[in-house]
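The values are calculated or read from the model by the stated rules, or taken from the named source; none is laboratory data. Predicted model only: the values in this text are computed from it and were never measured. Neighbour counts are summed over all protein chains in view; Cβ atoms, including those assigned to glycine, are modelled from backbone coordinates with ideal geometry.
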Amino acid sequence: MIAFIKGIVSSYGIDWVILENNGIGYKINFIHPNELSLNKEKIIYTYQHVREDEISLYGFLSLEEKELFLKLINVKGIGPKSALNILSKSDYKKLIISIENKDITFLKTMPGVGAKTASQIILDLKGKLISEKSDNILNDELSDAIEGLKNLGYKQGEINTITNTLLQNPNLSSDEYLKMGLQLLMKKKG
């Protein structure tokens, strides 16, 4: 298997890149065209997918993104193209949080993912995406605010419905997260 390719970007499109390495151009399915510049050197981590009628390379900016892709393609009903489409439509951390929080509504917004597939993703991956070695996805301030919401009597299920929205606002203080969380929860209650 080809683990990564270090080469010169010879051309690229919305969902592919051709990296030239030692006179060979490797076409890689790749979802980050904004990270590319023509004639510049780039390292792309790859997954080689082999089928009876095709051999394809899928590329990623980081090993973490590649690992999430590998876990997604092990979910029943999700192939490499679907997994890449899911990663293209969601931030890596936000996707992990939505799986950990059983956020089926968010997962259903991903291309090709219906209620059944979203449930299968959660069933297969919940608890397997956050390891002790990985960075904690929730920053300390957000974790403190979530604890504060629990202390105010909100249940984890209620808090899970607003976590993704809170994550979209990095660099807030605990008090700001708590205030925003309360506002969001009050809106949901009507």
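Things to note:
- Test: residue in region 55-70 that is over 14 Å from the mean Cα position of the chain (by Cα), of a type in the set (A, V, I, L, M, F, W, C), more than 21 Å from THR165 (Cβ to Cβ) and surrounded by fewer than 16 Cβ atoms within 10 Å (Cβ to Cβ): yes
- Residue check, LEU152 of a type outside the set (D, E, K, R) and at pLDDT 75 or above: yes
- Residues (of a type outside the set (Lys, Arg), within 25 Å of SER11 (Cβ to Cβ) and out of contact with any Phe, Trp or Tyr (no Cβ under 8 Å at 6 or more places or on another chain)) located in region 49-81: VAL50, ASP53, GLU54, ILE55, SER56
- Members of region 52-72 that are of a type in the set (A, V, I, L, M, F, W, C) and either without any contact (Cβ under 8 Å) to a residue 24 or more places away in the chain or closer than 22 Å to SER37 by Cα (or both): ILE55, LEU57, PHE60, LEU61, LEU63, PHE69, LEU70
- Enumeration of residues in region 7-43 that are free of Cβ contacts under 8 Å to residues at least 40 places away in the same chain, touching a Pro at 6+ places or on another chain (Cβ under 9 Å) and surrounded by 13 or more Cβ atoms within 10 Å (Cβ to Cβ): TYR12, TRP16
- Selected residue (criterion: surrounded by the fewest Cβ atoms within 10 Å (Cβ to Cβ)) from residues of region 88-113 that are modelled with pLDDT of 90 or more and farther than 18 Å from THR165 by Cα: SER88
- Condition met for ILE73 (surrounded by fewer than 18 Cβ atoms within 10 Å (Cβ to Cβ) and touching a Pro at 6+ places or on another chain (Cβ under 6 Å)): yes
- Hey, LEU142 outside any loop (DSSP other than H, G, I, E, B) and under 19 Å from PHE106 (Cβ atoms) or not: yes
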